[in-house]
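Below is one structure, written out as structure tokens; the observations come after it.
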Amino acid sequence: MSLRPQAATTRSTTPTGWVPYALVALSGIPAVAGTLRLVEVFGGPQVLPHNARISGSPAPVVVHIVSVIPYAVLGAFQFSARLRRRRPRWHRAAGRALVGLGLAVAFSGLWMTLFYPRQDDTGVLAYLLRLAAGTGMAASITLGFAAIRRADIATHQAWMTRAYAIALGAGTQTFTLGLAHAVLGHRSPSTDLGLGAGWAINLLVAELVIRRSRRPRQAGRSRRGLLAHADGGVVRVGSP
């Protein structure tokens, strides 16, 4: 039996170089707002509107902001396949840090949802969405960590991508909340829908990225299967 596989082209899984910087930019507005809130909490001038919930119990807000900013920035560069190849030790070290930071983001967000008084312009839907976001992010990080421990890289990448998408919801919500308030006003349904739309958009993009990254691997398995099951003759994989 003669096997002569021909080279087949597959779509590269390497993201373009601007993607990490675009993700950092998306997190820029909430990062600036969070930094200003930290300045206020630690005795600086009040630039943002007063929030009685934060002044009454600032600890979870401090944990959330201090964790989410480095999570958003550091996590953005985990999407660079070139950086993962060239600096695998950096990727692993950053990944360990991101697990801790991400869980701090998720659990501090859940704490605020459960124990802070509800915002005046939000309703039950926003409450449920925030619970789902915090729980989903914590679960995604846990599943992603478990996957890499058993060397399942594809599953690890998929769950970590979903966790990052949830964390970056505040960036997308800057736009979805603005649109919802412009159309529906500052009432409970508009804020709830704006929050939900931000997370929904991010998770939809995440699933598209995950499916796109799996196509070359699936194509590779199909080619290997054709070669393994060939029982005679000349097999030219990729040719008509």
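The values are calculated or read from the model by the stated rules, or taken from the named source; none is laboratory data. Note that the structure is predicted; figures quoted are calculated from it, not measured. Cβ placement follows ideal geometry from the backbone for every residue including glycine, while neighbour counts extend to all protein chains displayed.
When Ala97, Ala76, Ala132 are screened for being part of a helix (DSSP H, G or I), surrounded by 15 or more Cβ atoms within 10 Å (Cβ to Cβ) and in contact with a helix residue (DSSP H, G or I) (Cβ under 9 Å, 6 or more places away or on another chain), only Ala76 passes. The single condition among (1) within 30 Å of Gly17 (Cβ to Cβ); (2) modelled with pLDDT of 90 or more that Arg82 does not satisfy is (2).
If you take the residues of the range 100-122 that are part of a loop (DSSP other than H, G, I, E, B) and surrounded by 15 or more Cβ atoms within 10 Å (Cβ to Cβ), which of them is modelled with the lowest pLDDT?
Asp121
Residues that are basic (Lys, Arg) and touching a residue at least 24 places away in the same chain (Cβ under 8 Å) within the range 133-166 comprise just one, Arg162.
Is it fair to say Ala151 is of a type in the set (A, V, I, L, M) and not in a loop (DSSP other than H, G, I, E, B)? Don't jump to the end; show me each part of the working.
Numbers: of a type in the set (A, V, I, L, M): yes; not in a loop (DSSP other than H, G, I, E, B): no.
When the stated conditions are applied, Ala151 does not pass them.
Filtering the range 174-189 to residues that are in contact (Cβ under 8 Å) with a residue 40 or more places away in the chain and either in contact with a Lys or Arg (Cβ under 7 Å, 6 or more places away or on another chain) or within 17 Å of Arg130 (Cα to Cα) (or both) leaves Thr174, Ser188, Pro189.
Condition check ((1) of a type outside the set (S, T, N, Q); (2) under 21 Å from the mean Cα position of the chain (by Cα); (3) closer than 22 Å to Ser108 by Cβ; (4) surrounded by 18 or more Cβ atoms within 10 Å (Cβ to Cβ)) across all residues:
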{"residue": "Thr35", "(1), (2), (3), (4)": "no, yes, yes, no"}
{"residue": "Asn51", "(1), (2), (3), (4)": "no, no, yes, no"}
{"residue": "Ser55", "(1), (2), (3), (4)": "no, no, yes, no"}
{"residue": "Pro58", "(1), (2), (3), (4)": "yes, no, yes, no"}
{"residue": "His64", "(1), (2), (3), (4)": "yes, yes, yes, yes"}
{"residue": "Val68", "(1), (2), (3), (4)": "yes, yes, yes, yes"}
{"residue": "His91", "(1), (2), (3), (4)": "yes, yes, no, no"}
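Taking the range 150-178 as the range and being among the aliphatic types (A, V, I, L, M) and surrounded by 16 or more Cβ atoms within 10 Å (Cβ to Cβ) as the test, the residues that pass are Ala158, Met160, Ala163, Ala165, Ile166, Ala167, Leu168, Ala170, Leu177.
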